[in-house]
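Visitor: Below is one structure. I have some questions about it.
The values are calculated or read from the model by the stated rules, or taken from the named source; none is laboratory data. Computed from a predicted structure; not experimentally measured. Quick reminder, even Gly has a Cβ in these numbers, built from the backbone with ideal geometry, and neighbours come from all protein chains shown. To get the accessible areas, we keep the full protein, side chains included, count just its heavy atoms, and leave off ligands, DNA and RNA. Shrake-Rupley method; radii C 1.70, N 1.55, O 1.52, S 1.80 Å.
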Amino acid sequence: MSSNQQSDNVLSLRGISKTFGAVAALTDIDLDVAAGQVVAIVGDNGAGKSTLVKILSGVHPPDSGKIVFDSKTVEIPTPAAAHRLGIATVFQDLALCENLNVIQNLFLGQELRPLRLNDVAMETRSWDLLRQLSAKIPSVRVPVASLSGGQRQTVAIARSLLGDPKVIILDEPTAALGVAQTAEVLNLVERLRERGLGVIMISHNMADVKAVADTVAVLRLGRNNGVFDVNDVSPEDIIAAITGATDNAVSQRQARRKEGLSS
Amino acid sequence: MTLQSEVEVTARPRGSVISYAARIFVRIGVLPILVVIALITFSLMSDNFLTVDNIHSALRQNSYIIIATLGQFVVLLAGGFDLSIGAITALVSVSTAMAMSSQTGSPLSAVVIGIVVGVLVGMACGLLNGLGVASLNINPFIMTLATASVFSGLALMLTSGVPVSGLPMEFSDWLGYGSVFGIGISIWLALLAAVVLWVLLTLTRPGRHIYSVGSSPRAARLSGVNEFRTLILAYVTAGALAAVGAVLLTARLETGEANIGASLPLQTIAAAVIGGVSLRGGAGRVLDAVLGAVFIGIVANGMNLAQINSYYQMIVTGVVLALAVVADRLRTRLASAVYAGKV
């Protein structure tokens, strides 16, 4: 797996905290993402992954901490501000309008020409984007409701590329997808990396993480609980960091296997 | 466009006669079928039904319903409801008439001032509805039900329930009964309203945003669409269109009435839904709404010519509305099957 990782980070978070009432969703989170690097963020339910995504995508502002994007300290008050900066998010539910067609979804909120929509240019650009992603879409004029899960994910990823972003956040991109569709989406992640984009991928699936990530950042109870190079870490170590326990069912099974092999 | 060939295209199987019929139904909806049935039925019941004069008369009489339906359509598209459209019509009728009758200048200036006042009142009513829905997050059904009571009460309070008379004759002569190229001015205005709305919804960014907010408010918001501004635009547009319809109705009645428009919410929602506009929001075309309103006009006109009691017209409208909602559900299910290649 080639990683054309650069030393300078395109996105850095320092000391990011967020509370909802009495609940501390995130506490002092640090994260670095370089261009051409896939960073997987893993953690149990309630670890703060979704909150982190919402902060980076402009849905929630952080209570404290610093976001550095392209060497500049920035604020992300709204989703539109995130778009303008160059941070694109593909949400877990994809945030697509089912009644609208592929073109209308791709350009939603960033249509070409406000008062006389340039449909021809938007259609051309749509096919161009889909071709770059080797997408299997029957037509850009069909409603999104008629597409399969993998095709919808492709549309959502293609949409995120529209504003030429530098960082793309994928929230559980393979959740609820079949084997073939998952492979399709993981191929798309590889293509994003090849284009030199910084990719943040939220995932529960260790196989997906191992397949495409360069770095794994573990969140536990709203705090950093380790950053690992994917080539130097086993799934058991990651699970141990996620659960906060070195002695768990997975590690025990692994130990038994090792004993069986050595005897 | 050859670009499509460069992307892998997934083919769909061709089907039988049933499959073909399903595809046609998904494309055109239930309205054309209902229109054909109505035309055949009423032309058999009355020789005068399919005459040019009768069709022109029916369209002229129903032009205000067509325009009000366009207003309701915009709100339905944005995922809302406007139950205050009848009360707005009453308040605008009264406001327009009072503004006109109080003028001492030329009839033309009185008519212009009256129309401007009426449209501004309609837009203000729409703005109030929009603020309640978009800013205070009140359910549109409840919000517009509440404002319907307020607007209706205001209209009655301003007039004490007495019709406002003393309108310039020219107002009625021009807008109520005037013609251009042999076609009623009110019909031209309905056509103009439809074209302007089509341009807004199809060719502009705000129009596309109305569709997106109706389809999925969250998706629209996360895509950077200003949901607040979009909802305000939808409700203000509805108020303005209701006002134009009210001005036309006032011109026909030659008085400002506080008691008109009670049946408009049902008629406009029925017209839009019968036309194939989705109650779930985000789906429908201007032509659908216009044809739905025309259909309701055809039914009313046909039943009048056949000398069927007006109470039965209400029953027919209700039954057809229920059938249209069922057809809309069926159409949605079939659409999924057709797109998935199962039909």
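Visitor: Give segment B:185-229 a look and list any residue that's touching a Ser or Thr at 6+ places or on another chain (Cβ under 9 Å), among the β-branched types (V, I, T) and at the interface with chain A (Cβ under 8 Å from one of its Cβ atoms), or say none.
Guide: B:V225
Visitor: For B:G292, all conditions in the list (1) within 23 Å of B:P140 (Cα to Cα); (2) open to solvent by 30 Å² or more (accessible area, probe 1.4 Å) hold save one; what is the number of the exception?
Guide: Result: B:G292 passes all but (2).
Visitor: So A:P79 clears everything in (1) touching a residue at least 40 places away in the same chain (Cβ under 8 Å); (2) crowded, with 19+ Cβ neighbours inside 10 Å except one condition, right? Which one?
Guide: (1)
Visitor: Separate question: Quick check: anything in segment B:161-176 within 18 Å of B:L83 (Cα to Cα) and open to solvent by less than 40 Å² (accessible area, probe 1.4 Å)? Even if it seems obvious, please write down each step before you answer.
Guide: Taking segment B:161-176 first, the residues within 18 Å of B:L83 (Cα to Cα) are none.
No: zero hits.
Visitor: I'm trying to understand the selection: among the residues of segment B:139-160, which are open to solvent by 60 Å² or more (accessible area, probe 1.4 Å) and either assigned to a strand (DSSP E or B) or of a type in the set (S, T, Y) (or both)?
Guide: Across segment B:139-160, the qualifying residues are B:S149, B:S160.
Visitor: With the structure loaded, tell me whether A:L188 is under 22 Å from A:N105 (Cα atoms) and either aromatic (F, W, Y) or in a strand (DSSP E or B) (or both) or whether it fails that test.
Guide: Judged against the criteria, A:L188 is not a match.
Visitor: Scan segment A:45-53 and tell me whether some residue there is open to solvent by less than 60 Å² (accessible area, probe 1.4 Å), of a type in the set (S, T, N, Q), more than 9 Å from chain B (Cβ to nearest Cβ) and over 30 Å from A:S148 (Cα atoms).
Guide: no
Visitor: Now, a different point. From B:G114, B:G130, which residue is surrounded by 22 or more Cβ atoms within 10 Å (Cβ to Cβ) and under 26 Å from B:S278 (Cβ atoms)?
Guide: B:G130
Visitor: Tell me which residues, restricted to segment B:244-285, are open to solvent by 10 Å² or more (accessible area, probe 1.4 Å) and part of a helix (DSSP H, G or I).
Guide: B:V244, B:L249, B:R252, B:L253, B:P265, B:L266, B:Q267, B:I269
Visitor: Which residue pairs have Cβ atoms under 6 Å apart, sit 6 or more places apart or on different chains, and have a first residue in segment B:51-65 that is modelled with pLDDT under 85 and a second that is open to solvent by 20 Å² or more (accessible area, probe 1.4 Å) and in a helix (DSSP H, G or I)?
Guide: Matching pairs, first to second residue: B:R60/B:I187.
Visitor: Separate question: When you scan segment B:201-222, do you find a residue that is open to solvent by less than 30 Å² (accessible area, probe 1.4 Å), modelled with pLDDT under 90, under 27 Å from B:S106 (Cα atoms) and touching a strand residue (DSSP E or B) at 6+ places or on another chain (Cβ under 8 Å), even just one?
Guide: The answer is no; no qualifying residue exists.
Visitor: Related question: List the number of the failed condition for B:L192; all other conditions in (1) open to solvent by 30 Å² or more (accessible area, probe 1.4 Å); (2) aliphatic (A, V, I, L, M); (3) closer than 23 Å to A:N101 by Cα hold.
Guide: (3)
Visitor: With segment A:62-181 as the region, which strands (runs of 3 or more DSSP E) entirely inside it contain at least 1 residues that are at the interface with chain B (Cβ under 8 Å from one of its Cβ atoms) and at negative phi?
Guide: Of the strands (runs of 3 or more DSSP E) lying wholly inside segment A:62-181, those with at least 1 residues that are at the interface with chain B (Cβ under 8 Å from one of its Cβ atoms) and at negative phi span A:87-90.
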